Each structure stands twice: as structure tokens, then as C-alpha cells.
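The block underneath contains the structure these notes are about, expressed in C-alpha cells.
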Amino acid sequence: MTPVLEVRELVKEYPGVRAVDGVSFSIAEGQCFGLLGPNGAGKTTTVEMMEGVTRPTSGSVLYRGEPLGPRFREEAGIQFQKTSLQEFLTVRETLALFSHLYPRGREVDALIETCALGEIADRDNRKLSGGQMQRLLLAIALANDPQVLFLDEPTTGLDPQARHNFWDLIRTIKRERRTVLLTTHYMEEAYFLCDVVAIMDRGRIIAEGPPSRLLREHFDDVVLELPREDFSGEAVDFPLPVLVASDRVEISTGDVEGALRALLDRGIPLRHLRIRPRNLEDLFLELTGRELRT
Amino acid sequence: MSPRRLLAVWHARNLEFLRDRSTLIFNFLFPLALVVAFAVIFGGQPRALFKVDVVLPAGAALDARLHPFLDTRYVDFVRIGPEDVDATIRKVGRHETDLLLDLRTAPRYWVNEDSPKGYLAEKLLLESAGGRATREPVFGAAVRYVDWLLPGILGMNMMFSCLFGVGYVVVRYRKSGFLRRLSATPVTAFEFGAAQVLSRLLLTVSVTSLLYAALALLVPFRNEGSTLLLLLVAVAGALAMISFGFMMAARFASEELANGAINLASWPMMLLSGVWFSLEGAPAWLQQAAKALPLTQMLVAARAVMLDGASFADVLPHLGWLAAMTLLFLGIAASGFRWRAD
């Protein structure tokens, strides 16, 4: 079956820098595909080439097997990472503007309901909070009832509650069987929302697959986390490898009982102990040797 | 207030200004262009006291050997073609020219009975010719300066509204990323441009019409022609100037640069299109160059309607010019339009 979107050996060069370095992947119908990586990894450049707003240096982007054309523009919904809207318009007027740009524009009231904009529908779009603005931008991206939706760092800068509200919206959209391409540097977001993720670093894809499979392939252990002050002075003769971070220590092990015994033997308080499974952030660290949020 | 902080900010702003080459160039180029324009228009010989239009025999030159009057100093002799005689007689009637002298056969001249300058110019002519010239009296009140100036002021106001209203705004849309957002929709550059042009057209023509109506009440002025035709001239002129503004904004990403470029275009237009004064005394090449400006075409047509009662057929060539300019500017703008700032 022809993928909805396919990227082949995509390259983007700027003077003195190769922002995207031969990226290839494909996205199936109804899939939520996550493009992950730290700031500057090349995610936004890749996604902008896929959206047709940036011209690749080489390589190709295919929509349903064909180069991007008028059909793509009519069937794609795009939420840019940063965008400005026409000033002095209300939320409702802004949605009406974008809805009218498409032959199959959705009803404004339906967009307002989908994206929970009812309370602010008549507010000037310059007077929205970060979360409200992101919901409006998502509604704009849905204005043409798109088959494929691009979301570029949609929750960056939002507080945790606004972020979770936004995730609920994305889940609703996923249930409508739309194909979604999400870029994010929040691993938790990718884990919860994406069917498949591709991890980017320095313009290249370094791992790709369903999140749970990637974690299974690379890890067979869990992480024990303790506050750093509870562990002070005990790390020297500890029998397991210990990663010392600024505020905590992390002990990776497949033998949880043995690790707990070693901690108890040394009289280390376990009141603040946290055991967590491996996550995509650990995977990035494993693959690159660097922390993700740098 | 901290002088240290003030100095730091002052220094940083100076560096920014100096390093923004385009803005710097405009800041120096613009005043220079203004000086050059004034020098060309008002420079050269001292201003003449009288203006006399002369029809010469075929192949003859404006020379005192043809008639001693042509040797008179401080008179601006302007050669006109035989086909312009009727229009010039009307100008004598409106006091726009002091005398019309026809030297194709026996000297014959037209002078306005009510014009003081015409009276003096006539005295000079008869003195130099020993009284031998046929007199053709013309009657008519002088065109008041306000009647002549009013279309110019309204036209200038339209020009600024058209150029800045579209040019500056489009550049701001580009800089803020709004155009980039639109580029991801099916909207084409032509559609976007046409929408901007029509929106500004509605605003400019409405405001100008209101101004026209208000002025008609406050300062009753002369309109010999059809108000509807005048409206058509305004629409055609506004379309051409808005399209010009859109063309200027088709690629710029900096508001400062756009501001400089639009100023660079609008000020010469204001000086050369006959807003404040007629260019009749200016060099011929400058008059020809001025005809290529949309504001000139609009003002010539508007004055023809208001002062001479010109008909649709009379102003059709000007309307045609304006329409052609509109299409040319829009075509250039749409083909070179940039959605993104970078």
C-alpha cells in the first residue's frame, strides 16, 4: 500500500551547515509518526520540506506516491512551530478566514467545538494565552478537514496542564483516522501519542520504530532513581553502575531485588526511591551519549 | 537615568543602523534625490515673468529673426504645435498662459481681457512689433489655485494611502510569518495580491470620495465635468498606485527597507506629477518622464474633467495607461512574490 507520505534521501544545506543529511522514512495511512530530537536536530527543517514551504537541496517528498502539488495543499493541515496571524481579528474571524481558503473548509463552529475554543471564540487573537493560541493554531490546521496533519512542536512553552489538554485533542484527532506527523523534543509526548517515532540527531535519523519496540530492543533493565543527597558517600563501593546527575543518582539494573538489597545493606534511605521503566530520553542518551534536553 | 546605559543603547543602535546597508543607503540617497529633483525643476535661468505659447511656421525655430518679440527677456516662450492651438486658447481663457502668439502667417495673438499679466504681455508684444499684430480677445475667469490644487492634494493623499497601505503591510505580514502560514494553503500570490489591492481600493476611494464631498461643502470648487467620470479616474489611478505599492513590497522582508523604498518612489512622484505646481517650465525630458508616473496620469485626467469638463473619450488614453500600468505592476509582483522572509 502506498504510504501517505514518503521522504527519500532528503538533504538541506545552508551556507556552512548541513541541517538535514540524507533522511528517509515513510508514514502509513492513519499513523501518528513522531519526529524526535533535541533543538537543532533538523526536525523543523525536515518537516518544512515535507510541508512544501522549504525547498530541499536534494532528495524528494512524495504525497500518496506523487510529488507535492495542489492536491497536497488541499489535503494537508499544518501547524507551524511559530506563526503570526492577521491582527485585529477574533478567534472566530481568524478561523473563518482560513476555512474560506479551502474548497472543503470545515464549519467554523465545528472547529471551535473540536478545539475547545468556545469560551474565547470572540476574543481578539492577540489576547490569547499560550495554550489557547496553540489550540487556535491547531483549529486552523484542521480548517480544511485535512487527511494529513503536521504538528511542529505544538506544546513547546505550554504549562503541564495545557500540554495534557492538548494531548487529549490530538488523541481525538487520531481517533478520526487522520495521519499525523508530530515533531517534539518531549519524549513523554511522543511516547503517549505516536505509533512510530524516528529519533533525529545532527540532521540524521539514528533510530526508527514503535516506541515500545525501540525500548525493548535497546534495554532489558529498569532505572532506580534516588535523590543525590540520600546517596552521598555510598557510590564508591556500590556493586552496580551509578549515573550521578545534578540532583539525583540513577542505577540501571535488570535485577531490582539485588539492587534494593545492596541499597538496604548500605543503610541508604529508600523513602524517595523511584523505579521507572526506560524511556525514549534514555534511548537518546544511549544512542548519542548526550542528554536530550540540552 | 544612567548615562552609561543610555550610551550603550545609543551605541548599539548606531551599529545596527550602520550595518543595515539598505536603510543607510536610502537615508542618504533619498535626500540627495530630493535635492537633484528640485535643482532640475527650479534650476537654470531665472524664472520668467510671463508665459507665452507660440505657434511657428513649419521648420522655423524660436528665434528673434522671426519676430522681435521673441527676443524679450524674462518671458518664457513655449513652442506649441498647430494641433494644440484650441487647447491653448482655453488655457488663455483660464489665465494658465498669458498670451498665445501665432506666427505662421501675419502675427496674430490671443489675450484674456481680464488677465493683468496678459495685459502686460500684450503691451510688450505690441511695443516690439510696432503695433502690427491681430488681436483675438478671449474671455474667462482665472482658474483659482485652489481649483487646480485640489485634485493634486486628493491625488497625493491617495498615493500615500495606496503605496504605504499595501506595501508596508505586506512586508509586515512577511516579516511576522503570516505570509508563510498562508503559503501552506492553496492561496496563490495573485489571489493574495488581488485581495490586498481590492481592499485598499475600497478604502482609498471611499475616503477620497468622503473628502471630496466634505471639501465641496467647505471650499466650493470647480468641477466642470462628470463626477462619475471623476470617480472612474480615481479608481483607475488608485488601482495603478496600489499595484505599484504591491510590486514594491513583493520581495522585501524589512519594514525599514520597504519604508525607504516607498519613500524613494513617492516623493519624486509628489514633485514630478504636478501635485503642487505645473511642470510646464521644466525640461522636456523631465515632463516626458513624469508622464510615466501613475499619479501624473491620474492628475492630468482628473484636472481635465474638473477644469475643462473633459468627456470619457478625452480621458480614455489616460485610463488606458493606468490600466496597463496596473497589469504590468501586478504581473511583476506576482511573478517575483516571496512568501517567506528568509
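Every number in this text was worked out from the coordinates using simple rules, so none of it is lab data. What you see is a predicted model, and the numbers here were worked out from it, not measured in a lab. Ideal geometry is used to build each Cβ from the backbone, glycine not excepted, and the neighbour counts take in all protein chains shown.
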Mind telling me which of A:P210, A:P15, A:P70 comes out most flexible in a GNM of chain A, alpha-carbon contacts under 10 Å? A:P15
Around B:D76, which amide H atoms from residues at least 5 apart in sequence, or from another chain, sit under 5 Å from its own amide H, with H modelled in the peptide plane? B:L49, B:F50, B:K51, B:V52
Let me spell out the model: positive unit charges on the Cβ of Lys and Arg, negative unit charges on the Cβ of Asp and Glu, origin at the Cα centre of the range A:1-129. What dipole size does that give, in debye rounded to 20? 320
Using a Gaussian network for chain A with springs between C-alpha atoms less than 10 Å apart, which of these wobbles most: A:L193, A:L35, A:L270? A:L270
Considering only DSSP beta bridges whose two residues both sit in chain A, what percent are antiparallel, to the nearest 5? 65
If you take the charge dipole of chain A about its Cα centre, with +1 on Lys and Arg Cβ and -1 on Asp and Glu Cβ, which of A:F88, A:G258, A:P154 is farthest toward its positive end? A:F88
Does the range A:231-270 classify as rounded, prolate or oblate by the C-alpha gyration tensor (a ≥ b ≥ c root eigenvalues; a/c under 1.5 gives rounded; else a/b over b/c gives prolate, otherwise oblate)? oblate
Based on DSSP H assignment, which helices of chain B show an axial Cα extent of at least 15 Å together with a mean Kyte-Doolittle hydropathy greater than or equal to -0.5? B:3-19, B:21-42, B:116-129, B:145-176, B:189-218, B:227-248, B:255-272, B:294-308, B:312-335
Please name whichever of B:L6, B:G165, B:L201 sits farthest to the positive end of the charge dipole of chain B, dipole taken about the Cα centre and charges placed at Cβ: Lys and Arg +1, Asp and Glu -1. B:L6
Residue separation times 0.36 nm, minus the C-alpha to C-alpha distance between A:E29 and A:R71: what's the value? 13.5 nm
For the range B:145-335, what number results from the quotient of the Cα radius of gyration and 2.2 N^0.38 Å? 1.05
Using the Cα centre as the reference, give the magnitude of the dipole from point charges on the C-beta atoms of the protein assembly as shown (Lys, Arg: +1; Asp, Glu: -1; all else neutral), rounded to the nearest 20 debye. 1480
May I ask you to compute the full-extension gain from A:D21 to A:E87, defined as 0.36 nm times their residue separation minus their alpha-carbon distance, rounded to one decimal in nm? 20.0 nm
If you restrict to DSSP beta bridges whose two residues both lie in chain B, what percentage is antiparallel, to the nearest 5? 15
Applying 1/(1 + (r/R0)^6) with R0 = 51 Å to the Cβ-Cβ distance of B:T188 and B:R144, what FRET efficiency is obtained, to the nearest 0.05? 0.55
Do any trypsin sites (Lys or Arg not before Pro) in the range B:121-224 lie in a loop, going by DSSP, with at most 16 other beta-carbon atoms within 10 Å of their beta carbon, and if so which? B:R132, B:R144, B:R222
Average partner chain C-beta neighbours within 10 Å, per residue of A:74-83? 3
Could you calculate the FRET efficiency of A:E286 with B:E255 from 1/(1 + (r/R0)^6), where r is the beta carbon distance between them and R0 is 56 Å, rounded to 0.05? 0.70
The range B:235-299: chymotrypsin sites (Phe, Trp or Tyr not before Pro) in DSSP loop, at most 14 other beta carbons within 10 Å: B:W276
In nm, spacing of pseudo-spin labels at B:D86 and A:E9 (7 Å Cα→C-beta vector): 7.5
Among B:G167, B:G140, B:G130, the residue with the largest mean-square fluctuation in a Gaussian network model of chain B built from Cα contacts under 10 Å is B:G130
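Do any of A:K43/A:K127; B:K51/B:K123; A:K82/B:K175; B:K175/B:K291; A:K174/B:K175; A:K127/A:K174 go past 23 Å between their Cα atoms, and which?
A:K43/A:K127; B:K175/B:K291; A:K174/B:K175; A:K127/A:K174
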Label-point separation, A:R177 to A:L270 (7 Å along Cα→Cβ), nm: 4.9
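What whole-number value in cubic angstrom gives the convex hull volume per residue for the C-alpha atoms of the protein assembly as shown? Walk me through the intermediate numbers first.
Details: hull volume 157.4 nm³, N = 636.
Output value, Cα hull per residue: 247 Å³.
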As a test of the formula, what do you get for the protein assembly as shown when each DSSP H run with n ≥ 4 contributes -39,500 (n - 2.57) and the sum is divided by the residue count, at 222 nm and rounded to the nearest 500 deg cm²/dmol? -15500 deg cm²/dmol
According to the square roots a ≥ b ≥ c of the eigenvalues of the Cα gyration tensor, what is the shape class of the range B:69-212, taking rounded for a/c under 1.5, prolate for a/b larger than b/c otherwise, and oblate for the remainder? prolate
Considering only A:V196, A:T172, A:H272, whose Cα is most displaced toward the positive end of the charge dipole of the range A:167-294, charges sitting on Cβ of Lys, Arg (+1) and Asp, Glu (-1)? A:T172
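Would chain B count as rounded, prolate or oblate if I go by the C-alpha gyration tensor, calling it rounded below 1.5 in a/c and otherwise prolate when a/b exceeds b/c, oblate otherwise? Each step should come with its number before you reach the end.
Values: a/c = 2.59, a/b = 1.89, b/c = 1.37.
Taking the square roots of the gyration eigenvalues as a ≥ b ≥ c, chain B is prolate.
Counting other C-beta atoms within 10 Å, and keeping those with at most 11, which DSSP coil trypsin sites (Lys or Arg not before Pro) do you find in the range A:71-143? Don't jump to the answer; show the numbers that get you there.
Details: sites: A:R71, A:R73, A:K82, A:R92, A:R104, A:R106, A:R123, A:R126, A:K127, A:R135; in loops: A:K82, A:R104, A:R106, A:R123.
Filter output for the range A:71-143: A:R104.
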Note on the protein assembly as shown, DSSP bridge orientation, antiparallel percent to nearest 5 equals 55
Charged-residue dipole, Cβ positions (Lys, Arg, Asp, Glu), chain A about Cα centre, Debye nearest 20: 600
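Which of A:S26, A:S58 comes first, and how do the rest follow, when ranked by fewest Cβ neighbours within 10 Å?
A:S58, A:S26
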Using a basic spin-label model with each label point 7 Å from the Cα along Cα→Cβ, how many nm lie between B:A61 and B:S199? 5.9
Between A:V20 and residues 5 or more places away or on another chain, which pairs have amide H atoms under 5 Å apart, with H built 1.01 Å from N, and which residues are they? A:K12
What FRET efficiency do you get for A:S60 and A:H164 if R0 is 35 Å and r is their Cβ-Cβ distance, rounded to the nearest 0.05? 0.40
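Under the Kirkwood approximation for Rh and a Cα-based Rg, what ratio Rg/Rh is obtained for chain A?
Reported Rg/Rh, Kirkwood definition of Rh: 1.05.
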In order over the range A:68-75: 3J(HN,Hα) from phi, Karplus 6.51/-1.76/1.60, θ = phi - 60°, whole Hz, x for each Gly or Pro, gives 4, x, x, 4, 4, 4, 7, 9
